[in-house]
Amino acid sequence: MSGKTHPWGVPPWAIDFRPKPCVLPDQVDLAIVGGGFTGLSAAAWLRKLAPEKSVLVLEASSIGEGASGRTGGLALADTAAGPMPGLGDVLAGYKKILSALRVDAGLELPGVYELGRSNPAKDSPICWSDAGDLQVVRTVPGGPVDPGKVVAGLARAAEPAGAQILEHTEVHVIEYSNPLRLRVGHKVRGRFQQKEVRAAQILLATNAFSLELSDLRGATQPKLTLALATAPLTAAQLKASGLSSRRPFYTIDLPYLWGRLLESNGVVFGAGLVPMPTSGASLFGKPSQHAQKFASPNLYRFDVRKGEAEESFRWLESRVHHLHPALKSARITHRWAGPILFTEGMRPIFRRHPQSENVIVLAGYNGHGVALSVYLGQWAAEALLGRRSLPSW
Ligand SMILES: Cc1cc2nc3c(=O)[nH]c(=O)nc-3n(C[C@H](O)[C@H](O)[C@H](O)COP(=O)(O)OP(=O)(O)OC[C@H]3O[C@@H](n4cnc5c(N)ncnc54)[C@H](O)[C@@H]3O)c2cc1C
């Protein structure tokens with residue numbers, strides 16, 4: 001994360017990898033727009049499968065600065081819409097991909113509690129007070145992972161394999177010519193430069209941002225969601241509140257709440273959605289004319305410590321403190337927000353761009369993308385290389 005005063009707040013983990021500075025190339029085989037889980041997974045696989053192809057990742061801010069570095073870190077099975085035709089086993093695939101790329105991110109899969117306000121399981125270890133009695137309804141496959149380590153690990157796998165990763169480099173416009181032309185705003189030593197990069201193929205892995213580029217404006221809903229972390233809890237607090245199994249949890253009814261333990265025994269809790277601002281500007285800096293017309297809202301300048309977001313944080317904090325007497329005194333150490341892209345039917349979007357067969361769009365995991373983004377990032381790499389078709393969802 002870039003600095004402790006980020007207007008979206010800072011989560012309690014670090015991304016301890018910075019790509020090597022490099023010069024923006026004029027031409028590449030494969031350009032990936034977005035340096036989150038999706039883009040970095042695709043980049044690492046592209047170089048693994050086709051080391052002869054040049055691969056360039058263009059990231060408007062810093063790697064992981066979108067949802068991936070700000071996520072909850074619950075690795076879950078399937079998609080937000082459940083299993084999809086031909087999807088396969090997401091969790092098994094995720095584990096295999098992390099292992100093949102030597103990403104050691106502390107992934108554990110002990111299961112995840114689904115909590116509900118009716119029909120509790122016998123002997124629910126959790127009994128919290130939150131708009132009714134919140135108890136375990138069932139345990140589903142999944143478990144926690146350290147998101148900072150996944151972002152850093154994927155980038156660490158991609159770069160030495162030959163992928164170039166350029167941070168502070170925002171794609172403003174794509175010209176759907178042959179080759180494709182990306183108009184890019186590039187920050188070099190604090191100064192903006194406009195450049196053009198030609199690419200044979202593009203993967204748009206921009207999630208809730210740059211919706212004009214991905215042709216998702218109107219068909220999807222970008223939101224910011226909120227999370228906080230507590231200081232480490234004592235063993236007695238964990239036991240009393242039912243958290244000593246270390247299983248993550250999420251509610252299956254409303255009001256929504258999810259969470260998980262950190263290695264430190266602090267607990268992350270998340271809930272709440274606030275709208276994204278929608279002014280036409282650049283993601284990170286002085287916008288060009290093209291950026292003003294086409295690129296994303298200036299999301300990174302939206303301050304979640306004010307207005308509706310601040311109120312939502314206060315509500316979340318109060319809910320956490322009232323869940324159980326053992327959590328009443330839990331000190332809040334971190335508050336942060338991150339983007340989620342909601343789609344029709346909660347189905348992920350994985351398709352060719354309407355303007356070009358050579359551009360693939362992969363986004364819209366509906367808050368269910370920790371394992372899925374990495375898993376489908378690998379699939380996207382195979383599709384770009386013509387080794388696999390895209391799904392029909
Ligand atoms: C608070 C929070 C909690 C979550 N918890 C969970 C969870 O517990 N389990 C789960 O499964 N999922 C969870 N999710 C969802 C999951 O984190 C995301 O689905 C996943 O991280 C998406 O990864 P991504 O790479 O597609 O997108 P991102 O990580 O958002 O990456 C997109 C990147 O593209 C860059 N970009 C955008 N436009 C441009 C441009 N024009 N030029 C260059 N770069 C650009 C952005 O800067 C960004 O870095 C959560 C999300 C949030 C926000």
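The values are calculated or read from the model by the stated rules, or taken from the named source; none is laboratory data. Treat the numbers as computed from the prediction; the structure is a model and nothing was measured. Ideal geometry is used to build each Cβ from the backbone, glycine not excepted, and the neighbour counts take in all protein chains shown. Side chains included, ligands, DNA and RNA excluded: accessible areas come from the protein's heavy atoms. Shrake-Rupley method; radii C 1.70, N 1.55, O 1.52, S 1.80 Å.
Quick notes on this structure:
- Convex hull volume per residue for segment 141-190, taking Cα atoms only, in Å³: 179
- Asp16/Asp133 FRET efficiency (R0 45 Å; Cβ-Cβ; nearest 0.05): 0.65
- Per residue solvent-accessible surface (Å²) - the chain, probe of 1.4 Å: 42
- Given their separation in residues at 0.36 nm each and the Cα-Cα distance between them, Gln355 and Thr5 gain 122.1 nm when the chain is fully extended.
- Carbon/sulfur fraction of accessible area - segment 109-253, other protein chains in place, 1.4 Å, %: 48
- A simple spin-label model places the labels of Asp253 and Glu196 5.9 nm from each other, with each point 7 Å out along Cα-to-Cβ.
- Our note on the geometry: Cα centres of segment 21-88 and segment 120-144, 34 Å apart.
- Per-pair calculated FRET efficiency, R0 = 25 Å: Lys96 and Arg387 via Cβ, rounded to 0.05: 0.90
- Seen against the Cα atoms of the chain and their longest principal axis, helix 370-384 is set at about 20 degrees.
- Cβ crowding within 10 Å averaged over residues, with 54-64, 154-164 ranked highest first: 54-64, 154-164
- Computed over the alpha-carbon pairs of the chain, the distance histogram in 10 Å steps reads 5, 24, 34, 24, 10, 3, 0 percent, short to long.
- For the residue pairs Lys53/Lys195; Lys96/Lys306; Lys48/Lys195, the C-alpha atoms sit more than 32 angstrom apart in Lys96/Lys306.
- Each 10 Å bin from zero up to the one holding the largest Cα-Cα distance in segment 197-246 carries the following percent of pairs: 18, 25, 16, 17, 19, 5.
- Inter-site label distance for Asp89 and Ala121 at 7 Å from Cα along Cβ, in nm: 2.0
- The charge dipole of the chain, taken about its Cα centre with unit charges on the Cβ atoms of Lys, Arg (+1), Asp and Glu (-1) only, comes to about 580 debye.
- Charge dipole (segment 27-384, unit charges on Cβ, about Cα centre) - positive-most of Gly364, Val151, Ala77: Val151
- Calculated FRET efficiency, Ala231 to His322, Cβ-Cβ distance, R0 = 22 Å: about 0.80 to the nearest 0.05.
- Residue of Asn207, Asn358, Asn366 that the Gaussian network model of the chain assigns the largest fluctuation, springs spanning Cα pairs under 10 Å: Asn358
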